[in-house]
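The structure appears right after this line, and notes come after that.
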Amino acid sequence: MSALWQTSGALEPASAMIASGHPDVWVYRFDWDEQPAIPLIQPQVLLGAAHVLEVAFVFRDLDGEFDPFRSFTAANRPGRKEVSDAMAGYWTHFARHGQPGGESLPEWRRWHADPSQPRLMVFDTSADGGTRMVAHDGSIAALKTLLAQDPSMQNDPRERSELYGRMFLWSIFGGREAAPVLAAFARKHGYTGRPEMLKPTYWP
């Protein structure tokens, strides 16, 4: 679902902008997830690179004045500083010169139409690959393929089919498909129940 959110909220608008003749488009993904360990839960999984958390990094807030999830510690400060220096550097250069850049920073290439070539900037610590450009295909078609091939659901056709419905029929981010498409997907992947039973009762 978070991948669908990224596609609908960032990647598709970026592609629409360049298709309409505006080439100066840069896209990023914030991947910092080095929250401290907490007994019985995994903050790096529960929160991960949570929405709005990158604001503190852009403004070099290493002291945690903007830390809504209380995830900044002395132990993860070096990594936070590394990511913050990169993000603040790019943002400052963009404000001054109209495009992101900075001394000793990787080139941030513009978003373009070829998903096989680097077009997405990733912000992370050196321990997890560092700040870097990556090739990325976050299209709706690519997400459907990933869902269809996900091995973690190979023995649970209902879960796979329900997630398809959540993503591509009922979600405000990707609700564009018709019910017959879900029915065909469900049959193909081994779900033998009624497709209308896939929608959770609590779903709006």
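The values are calculated or read from the model by the stated rules, or taken from the named source; none is laboratory data. Computed from a prediction, not measured in an experiment: that's the story for all the values here. Here the Cβ positions follow ideal geometry from the backbone for every residue, glycine too, while neighbour counts run over all protein chains shown. Ligands, DNA and RNA are excluded from the accessible area calculation, which covers all protein heavy atoms including side chains. Shrake-Rupley method; radii C 1.70, N 1.55, O 1.52, S 1.80 Å.
Being part of a helix (DSSP H, G or I), surrounded by fewer than 18 Cβ atoms within 10 Å (Cβ to Cβ) and either among the small types (Gly, Ala, Ser) or in contact with a helix residue (DSSP H, G or I) (Cβ under 9 Å, 6 or more places away or on another chain) (or both) is the filter here; which residues of the stretch 59-84 pass it? Of everything in the stretch 59-84, just one residue is part of a helix (DSSP H, G or I), surrounded by fewer than 18 Cβ atoms within 10 Å (Cβ to Cβ) and either among the small types (Gly, Ala, Ser) or in contact with a helix residue (DSSP H, G or I) (Cβ under 9 Å, 6 or more places away or on another chain) (or both), namely 79. If you filter the stretch 159-186 down to residues that are among the aromatic types (Phe, Trp, Tyr) and out of contact with any His (no Cβ under 9 Å at 6 or more places or on another chain), you find that the one that is nearest to residue 9 (Cα to Cα) is 173. Inspection of the stretch 87-109 finds no residue satisfying the criterion of being in contact with a Leu (Cβ under 9 Å, 6 or more places away or on another chain), in contact (Cβ under 8 Å) with a residue 40 or more places away in the chain and surrounded by 16 or more Cβ atoms within 10 Å (Cβ to Cβ). Apart from one condition, residue 149 fits all of (1) under 30 Å from residue 13 (Cβ atoms); (2) surrounded by 12 or more Cβ atoms within 10 Å (Cβ to Cβ); the exception is (2). Put simply, of 135, 184 the only residue that is farther than 30 Å from residue 81 by Cβ and either touching a Leu at 6+ places or on another chain (Cβ under 7 Å) or hydrophobic (A, V, I, L, M, F, W, C) (or both) is 184.
Against the conditions (1) open to solvent by 90 Å² or more (accessible area, probe 1.4 Å); (2) of a type in the set (Gly, Ala, Ser); (3) modelled with pLDDT of 90 or more, residue 37 satisfies every one except (3). Step by step: first the residues of the stretch 114-134, then only those that are in contact (Cβ under 8 Å) with a residue 24 or more places away in the chain and either in a helix (DSSP H, G or I) or acidic (Asp, Glu) (or both), then the one that is least open to solvent (accessible area, probe 1.4 Å). Which residue is that? Among those residues, the one meeting the criterion is 124.
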